[in-house]
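Here the structure comes first, spelled out in structure tokens, and everything after it is commentary.
The values are calculated or read from the model by the stated rules, or taken from the named source; none is laboratory data. The structure presented is a predicted model; accordingly, all values stated were derived computationally and were not measured. Cβ atoms come from the backbone with ideal geometry, glycine included; neighbour counts cover every protein chain shown.
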Amino acid sequence: MVFVLTVDQIDSRHHPDRIPELDGAPWADRARLPFARTAGDEAQAVFDEARDALRCAVELALTGRWHCGIGQGPARLPAGQLDSRAGRGPAFLRARTAVEQAKADPSHLGFQGGPADADPAGPSSAEPDPDAPRPGAPDLAAAVQAQLRLILRVRARQRETTRQAYDLALTGLTQAEAAARLGITQQAVSERLDTALYRPLEEVMGHAVALAAALEAREGSEARASNPRTSGTPTDGSRP
């Protein structure tokens, strides 16, 4: 199970090509497979950890330069291949769906994952849709998406001075270290973080990461228990 992050540059016709900048984006260095161009204005990367994929997507979406779609699920990644374009599987297709959904939301972010829970009514003889929420089950993927969009909508409204303090806190600096970096008092940093709702928003982010990781673990256990005959079907999440 992996997390595929597909990004599409916003208004690329009126701005320079920004895809070369992606390697320097926050959290991008955590990717299992780095960003690679899949079309003229689009790129994708593959992450092993939910935390890294979600963090990277949020920071990119905050710039207002990227639509970001995260797809969670199984994927086929050829051994020794360092180019995400060689990957296949549901995670890539879900990232494609997610980035299209991101284009219709002010947050510029979408998230798609696998089924949330087993059908409480019991097994069915019909072939299940692997991407459909199960009846009566909580949709964990929708919850992850809602939480990430909430974070983005709040952080997008922060003033520049508030955002600076928030960004430094995310790097792990103490308030004293952030104060020295910004040339202000530690009390001022504390006030800016309070104004930014840093602690509540980071709690929401932690919950989103936990849900995404739980979704990954749950789908993995379901896949191992299911008939493997369809697991090797190649699918391509890149733009034709």
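The figures follow:
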quantity: Selection within the range 1-54 - in a helix (DSSP H, G or I), surrounded by fewer than 20 Cβ atoms within 10 Å (Cβ to Cβ) and charged (D, E, K, R); calculated: Arg13, Glu21, Asp23, Asp29, Arg30, Arg51
quantity: Flag if Leu168 is at pLDDT 95 or above, assigned to a helix (DSSP H, G or I) and closer than 30 Å to Gly114 by Cβ; calculated: no
quantity: Candidates Gln112, Gln158, Gln101, filtered to the one that is at pLDDT 95 or above, out of contact with any strand residue (DSSP E or B) (no Cβ under 9 Å at 6 or more places or on another chain) and more than 17 Å from Trp27 (Cβ to Cβ); calculated: Gln158
quantity: Yes/no for Asp52 being under 30 Å from Ala169 (Cα atoms), among the acidic types (Asp, Glu), under 12 Å from the mean Cα position of the chain (by Cα) and modelled with pLDDT of 95 or more; calculated: yes
quantity: Subset of the range 182-195 that is surrounded by fewer than 14 Cβ atoms within 10 Å (Cβ to Cβ) and not in a loop (DSSP other than H, G, I, E, B) - its residue that is farthest from the chain's Cα centre (by Cα); calculated: Gln187
quantity: Test result for Ala79, free of Cβ contacts under 8 Å to residues at least 24 places away in the same chain and hydrophobic (A, V, I, L, M, F, W, C); calculated: yes
quantity: Filter result for Gln81 (modelled with pLDDT of 95 or more and either over 13 Å from the mean Cα position of the chain (by Cα) or of a type in the set (S, T, N, Q) (or both)); calculated: no
quantity: Those residues of the range 83-104 which are farther than 12 Å from Gln44 by Cα and not in a helix (DSSP H, G or I), in sequence order; calculated: Arg88, Gly89, Lys103, Ala104
quantity: Identity of the residue in the range 119-145, under 19 Å from His207 (Cα atoms) and surrounded by fewer than 16 Cβ atoms within 10 Å (Cβ to Cβ), that ends up modelled with the highest pLDDT; calculated: Ala142
quantity: Complete set of residues in the range 55-79 that are within 20 Å of Leu152 (Cα to Cα), charged (D, E, K, R) and not in a helix (DSSP H, G or I); calculated: Arg65
